[in-house]
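Accompanying notes for the structure given below.
The values are calculated or read from the model by the stated rules, or taken from the named source; none is laboratory data. Fair warning: this is a prediction, and the values are worked out from it, not measured in the lab. Cβ placement follows ideal geometry from the backbone for every residue including glycine, while neighbour counts extend to all protein chains displayed.
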Amino acid sequence: MDAPQWLSLGQASRLLGVAPSTLRYWADRGIIRCFRTPGGHRRFAYEDVRELRRNIAAGLTPKASLPPVETALTTTRQALTQQPMQATEWYQRLSEDFRQAHRRYGRQLLTLAVQYLARRNGNGDVLKQAMAIAYEQGGLCAEYGMSAAETIEGFWLCCNAIESVLVPMDPEQAPVDAEHLRLHRELTEFFQKLMRSVLTGYEDRRSSIVW
């Protein structure tokens, strides 16, 4: 059997007639297989690209789907290091212990957000777990002397990083279809429900601290 012909990201995206960012999005979500060279460059099998091209020509455009949790974790970590939180005055003054705990809570919320959108194990149980983590996250912010405004800002920056990975709304990053919009709406509602827990955890911890 002949070895498959490998295509670069640019070559494959041109054959499919889509932007490279769209092909990256499909690959991250398992819609098309993607292999990495030792240098980290994406490679696509010609046969896979040809099959996807036939599906697109037949009107079977890939729909939005969630990335694997491990892929989402890696991408979210990268997003968190690039976001404005790193430059805020309050983040700069916080200890490394706080930053590690904040990142740990963020990873847990990301995993639960994926489960929530995928409707695994029942949304109710997933939401309860997420609310408990958000409560602890709010308490952590109070313990380290953050204000309520800083706590809200930090939580939403974390949510925005997760959202940009799971359901990016920039057309340059992902094809926005009806399913994509549904996932975005559900994720927004999920984070809104968690905000009350964040603030409750903040207020409870703050009231217990002797100043």
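When residues in the stretch 9-61 are screened for being under 25 Å from S164 (Cβ atoms) and assigned to a helix (DSSP H, G or I), 15 of them pass.
Only a single item in (1) surrounded by 15 or more Cβ atoms within 10 Å (Cβ to Cβ); (2) in contact (Cβ under 8 Å) with a residue 40 or more places away in the chain; (3) in a helix (DSSP H, G or I); (4) not hydrophobic (A, V, I, L, M, F, W, C) is not met by K193, and it is number (1). Residue pairs whose Cβ atoms lie under 7 Å apart, separated by 6 or more positions or on different chains, with the first residue in the stretch 139-162 and crowded, with 17+ Cβ neighbours inside 10 Å and the second among the β-branched types (V, I, T), are C141/T151; A142/I209; T151/V198; F155/V198; A161/T76; I162/T76.
Just the residues that are surrounded by fewer than 17 Cβ atoms within 10 Å (Cβ to Cβ) and in contact with a strand residue (DSSP E or B) (Cβ under 6 Å, 6 or more places away or on another chain), please, taken from the stretch 3-36. P4, W6, F35, listed by residue number. In the stretch 112-123 there is at least one residue matching the filter, namely being among the β-branched types (V, I, T) and modelled with pLDDT under 90. Counting only residues that are surrounded by fewer than 12 Cβ atoms within 10 Å (Cβ to Cβ), without any contact (Cβ under 8 Å) to a residue 12 or more places away in the chain and closer than 19 Å to A148 by Cα, the stretch 91-127 holds 2 of them.
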